[in-house]
Amino acid sequence: MFHWKKLKKEDIKREVLAGTTSFFAISYIIMVNTVILAEAGMPKELTIFGTIFISILGSILIGLVADAPIVLTTGMGVNSFFTYTLVLSLGLTWQQALAASFCAGIVYLLVAFTKLSKLFAEVVPKSLKTGITVGIGFFLVLIGLEKGHLIVRGEHTFLQLAPLDNGLTLLTLFSLILTVILFIKGVQGSFFIGIVVVTISANFFGMVQPAEHFSLSRIGNYSRIFLQLDFSAFFSKSFLLGVFALSMILIFESMGLLKGLMPDADEKKYLRAYRVTGFITLLSSILGTSPTVAAAESATGIEEGGETGITSITSGICFLLALLALPLLSYIPDSALAPAIIITGFLMIQQIKTVHFSDFSDYFPAILMIVLIPFTMNISDGMAFGFVAYPLTK
C-alpha cells in the first residue's frame, strides 16, 4: 500500500516541501470558509476551529489510508451551497443544515462502499475525465487571477483586467514573474520560495493589511458548534431536497476532483481516497463545519513532486501549526499565493491535447465542461452539463 520505506532522503524532503506548498496554496480556506459560514449564522470565531480540525484529520487520514498527495478540506462551492442554499434559500437553521450534511455524507458512503463507486468510475468516458481535469485547471487559473487582484468584475463585462496602478496587482505580477522563472529553471520548491519571498517583501513595504485576528483562547467555547446537528426538520421537503442535492454534488464532485488530481492512480488507490473523502465529509458536520472535498489546490503540491501520503500528512501538520499561529496567516498576501495556483492550472490545462477533436460528439461534452466549470465557478455544475451532454451527443 505504501512506498515510504523505499523513499530516499531527498525524496522525503521533496514530499514535505510539496505538502507545505499545498497547504499555503489552500490556506486561504481557513479565513474564507469562516466568513461564508458566518452568513449562515454560525459564530465566526468558532467555525475557524472546525475548518482547521477537519483539514487536519482529512489530510492525515487520506495520507495514511490512501497514500495519496491530496489535501482534504472544506470545499469552496460546497460551503456556498451550505450557506446560501440550505440555510438562506431552503430556510434551514445552521444546525439543521449540519444534519442535512451528515445525511448527505451517509448517502455518499453508501455509494463509496458499494459497487456503485466502481460503476461510476468505469463508465465515465476518457474525454469527460480529461474535461474535468482541464476544467479544474481553468478554474484554478481564474481563482489565482482573482486572488492576485489581476482581474476584477467589469462594469460592462463579466471580468476585466484590474488597474495596473494598484499595488497588489503589481505585487502579483512580480510574484508571478519570479515564480515562473524559478519553475522554468527547475528550482526545487519554486512555488514555496516564491510565496516566502513575496510575503517577506509585502510585509516589509507595508502592503499587507492583516485580516481579523483570531485567538486560540476561544477554543473553550467550541462546544457551541460541536455535535450540534438538529434533525427536527428531517421529514420536511426542504431538508430532503437539500440532502439529495448535496449528496449528488459531493458524490460527483469528489469523483471528478480525485480523477483530475490523480489521473494515473490505480483503481484501489482511487477507491481508498474516495472512501476516505466520504468518511471525512461525514465527520465535518459533527465538527461544526461545511462538507469537505479534495482541494483542487492539491495540484500545486503534486506539481512540486508530491506523490505519496507524506505530502498530505505534511499538509495536515501545517494545518495543526496554523491552529497555533492563527494571527500569522493573515500576514500572507493573496499575491504570494496566486502564482502557484495559476501555474498549476496551466499545467493541468495541457491535458486538453488528449481530447479527440476529430469527433464532435466526443469533444463537445468535454469542451462544454471545460468552459462551464470556470465560468460558473462551480465544478459540480460544469460536470453536470458534461455528463448530460455526452449521452445526448452519442
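Some points to look at:
- Any hit, segment 93-111, residues being at pLDDT below 90, out of contact with any Phe, Trp or Tyr (no Cβ under 8 Å at 6 or more places or on another chain) and either open to solvent by less than 50 Å² (accessible area, probe 1.4 Å) or not in a helix (DSSP H, G or I) (or both): no
- Complete set of residues in segment 45-59 that are open to solvent by 10 Å² or more (accessible area, probe 1.4 Å) and at pLDDT below 90: E45
- Of all residues in segment 370-387 being more than 11 Å from V134 (Cβ to Cβ) and of a type in the set (A, V, I, L, M), the one that is surrounded by the fewest Cβ atoms within 10 Å (Cβ to Cβ): M377
- Residue within segment 255-262 that is within 17 Å of the chain's Cα centre (by Cα) and in a loop (DSSP other than H, G, I, E, B) present: yes
- For segment 193-209, the set of residues classified as open to solvent by 10 Å² or more (accessible area, probe 1.4 Å) and part of a helix (DSSP H, G or I) consists of I193, V196, V197, T199, I200, S201, N203, F204, listed by residue number.
- Only one of S238, S190, S175, S232 that is more than 21 Å from A325 (Cα to Cα), open to solvent by 80 Å² or more (accessible area, probe 1.4 Å) and either touching a Cys at 6+ places or on another chain (Cβ under 7 Å) or of a type in the set (G, A, S) (or both): S232
- Residue check for T300: over 16 Å from the mean Cα position of the chain (by Cα) and more than 30 Å from G41 (Cα to Cα): no
- Evaluating S285 against the criteria (1) open to solvent by 50 Å² or more (accessible area, probe 1.4 Å); (2) within 30 Å of F113 (Cα to Cα) leaves one unmet condition, (1).
- Residues satisfying the stated conditions in segment 56-76, i.e. assigned to a helix (DSSP H, G or I) and in contact with a strand residue (DSSP E or B) (Cβ under 7 Å, 6 or more places away or on another chain): G58, S59, I62
- When segment 213-229 is limited to residues that are part of a helix (DSSP H, G or I) and touching a residue at least 24 places away in the same chain (Cβ under 8 Å), the one that is surrounded by the fewest Cβ atoms within 10 Å (Cβ to Cβ) turns out to be R224.
- Any hit, segment 233-246, residues being assigned to a helix (DSSP H, G or I), under 17 Å from the mean Cα position of the chain (by Cα) and under 20 Å from F81 (Cβ atoms): yes
- Residues (touching a His at 6+ places or on another chain (Cβ under 9 Å) and crowded, with 18+ Cβ neighbours inside 10 Å) located in segment 327-357: D334, S335, A338
- Restricting segment 5-33 to residues that are open to solvent by less than 40 Å² (accessible area, probe 1.4 Å) and of a type in the set (D, E, K, R) leaves a set whose member that is modelled with the highest pLDDT is E15.
The values are calculated or read from the model by the stated rules, or taken from the named source; none is laboratory data. Computed from a prediction, not measured in an experiment: that's the story for all the values here. For neighbour counting, all protein chains shown are included, and Cβ atoms are generated from backbone atoms with ideal geometry for every residue, glycine included. When the accessible area is computed, the model is the full protein with side chains, heavy atoms only, and any ligands, DNA or RNA have been set aside. Shrake-Rupley method; radii C 1.70, N 1.55, O 1.52, S 1.80 Å.
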